[in-house]
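Notes follow the structure.
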Amino acid sequence: MKKILLLFLPVLFLGQNQNQSPDLMSLAMKNIQDKDFENAIINLDKSLKINPKNLAALYFKGYLQIIIGEKENGCKSLTDAIYLNSNSAKELFPNKCLDYNPKLNAEKFKNGKFTLQILGYSSLYNFERKDNMQYETFEGKTYNGKITWYDYGDYTVVPTGDSVELLKDNPEFLVRILKIEDETYLYEKIENEQIQFGIVKKLTKNIKIK
């Protein structure tokens, strides 16, 4: 599978990449064709200095880092690509980085009001966390559950009260925070061997959730 994917990397590049450093990306693709992965990563890094939001460069860098045995760095690069909503990175990450844990401090996200957006969808969901409880608002209804935090930003939410019956068909899940940037974090939700990625943003105190 690796060999096939590597042969088609230049084709993927042409379809995914519109950036400010085509010469560097072309050099990186040539490096990949020659299986010179170290120099490919060097050229991808140079491209990212010009355009840090170059999804193709982030994706290929992460993939190549994993290939050469730098899994931790590779998974971080893929995480950065997912944060920018790279579909290619979202597809590769569960196969290569399911055990990746950046060990982040989630303390400032344990209380407050938030919005959540599942990557790939436009809808925003509102919720609030207070005293180990989470209150979610969806289509005019509020659901509540107990949030349990584990080490380094992993957590689960278990329905309580009336929400137990309303959500009885919902499977158990684990959430892991993969990246924190200011008041926002990227998460992966692991549910029945399926992975969902989303962005949670903490709201300022003067914003009200309706």
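Could you check the stretch 111-138 and list, in sequence order, the residues that are among the polar types (S, T, N, Q) and touching a residue at least 12 places away in the same chain (Cβ under 8 Å)?
Asn111, Thr115, Gln117, Asn126, Asn132, Gln134, Thr137
Out of the residues in the stretch 68-94 meeting the condition of being closer than 23 Å to Glu183 by Cα and of a type in the set (D, E, K, R), tell me which one is surrounded by the most Cβ atoms within 10 Å (Cβ to Cβ).
Going through the qualifying residues, I end up with Asp80.
What number of residues within the stretch 140-154 satisfy the criterion of being crowded, with 17+ Cβ neighbours inside 10 Å and of a type in the set (S, T, N, Q)?
Total meeting the criteria: 1.
What tally of residues in the stretch 113-139 results from selecting those that are farther than 22 Å from Tyr83 by Cα and not in a loop (DSSP other than H, G, I, E, B)? Steps first, please.
Of the stretch 113-139, the ones farther than 22 Å from Tyr83 by Cα are 128-139.
Going one step further and asking which of them are not in a loop (DSSP other than H, G, I, E, B), we end up with 128-130, 133-138.
Matching residues across the stretch 113-139 total 9.
For the subset of the stretch 28-47 comprising residues that are charged (D, E, K, R) and part of a helix (DSSP H, G or I), which member is farthest from Gly74 (Cα to Cα)?
Only one residue fits best here, namely Lys30.
Select from the stretch 25-50 the residues that are among the β-branched types (Val, Ile, Thr) and open to solvent by 30 Å² or more (accessible area, probe 1.4 Å) and list them in ascending order. I'd like the intermediate steps shown before the answer.
Step one: list which residues in the stretch 25-50 are among the β-branched types (Val, Ile, Thr), which gives 32, 41-42, 50.
Ile42, Ile50 - these are the residues of the stretch 25-50 that are among the β-branched types (Val, Ile, Thr) and open to solvent by 30 Å² or more (accessible area, probe 1.4 Å).
For the stretch 159-201, which residues satisfy the criterion of being among the aliphatic types (A, V, I, L, M), assigned to a strand (DSSP E or B) and open to solvent by 20 Å² or more (accessible area, probe 1.4 Å)?
Restricting attention to the stretch 159-201, the residues satisfying the condition of being among the aliphatic types (A, V, I, L, M) are 164, 166-167, 174-175, 177-178, 180, 186, 190, 195, 199-200.
Subset that is assigned to a strand (DSSP E or B): 174-175, 177-178, 180, 186, 190, 195, 199-200.
Selection gives Leu174, Ile180, Ile190, Ile195, Ile199.
Suppose we filter the stretch 144-173 for residues that are of a type in the set (Ser, Thr, Tyr), at pLDDT below 90 and under 30 Å from Tyr100 (Cβ atoms); how many remain?
Adding up the residues that qualify gives 1.
Condition check: loosely packed, with under 13 Cβ neighbours inside 10 Å, under 17 Å from the mean Cα position of the chain (by Cα) and closer than 30 Å to Phe60 by Cα. Does Asn105 satisfy that?
Spelling it out, Asn105 is indeed loosely packed, with under 13 Cβ neighbours inside 10 Å, under 17 Å from the mean Cα position of the chain (by Cα) and closer than 30 Å to Phe60 by Cα.
When you go through (1) closer than 30 Å to Gly74 by Cβ; (2) open to solvent by less than 80 Å² (accessible area, probe 1.4 Å); (3) touching a strand residue (DSSP E or B) at 6+ places or on another chain (Cβ under 7 Å) one by one for Thr137, which number turns out not to apply?
With (1) closer than 30 Å to Gly74 by Cβ; (2) open to solvent by less than 80 Å² (accessible area, probe 1.4 Å); (3) touching a strand residue (DSSP E or B) at 6+ places or on another chain (Cβ under 7 Å) applied to Thr137, the lone miss is (1).
Can you tell me how many residues in the stretch 140-158 are part of a strand (DSSP E or B) and either under 14 Å from Phe127 (Cα atoms) or among the hydroxyl-bearing types (Ser, Thr, Tyr) (or both)? Give the steps one after another, and end with the answer.
Just the residues of the stretch 140-158 that are part of a strand (DSSP E or B), to begin with: 141-149, 154-158.
Filter again for either under 14 Å from Phe127 (Cα atoms) or among the hydroxyl-bearing types (Ser, Thr, Tyr) (or both), leaving 141-148, 155-157.
So the answer is 11.
Determine which member of the set Lys108, Lys90, Lys103 is more than 25 Å from Ile32 (Cα to Cα), part of a helix (DSSP H, G or I) and in contact (Cβ under 8 Å) with a residue 24 or more places away in the chain.
Lys108
The values are calculated or read from the model by the stated rules, or taken from the named source; none is laboratory data. Predicted model, so just to flag it, every value in this text is computed and none were measured. Please note: Cβ atoms are built from the backbone with ideal geometry, for glycine as well, and neighbour counts cover all protein chains shown. Heads up: the accessible areas ignore ligands, DNA and RNA and are worked out on the full protein's heavy atoms, side chains in. Shrake-Rupley method; radii C 1.70, N 1.55, O 1.52, S 1.80 Å.
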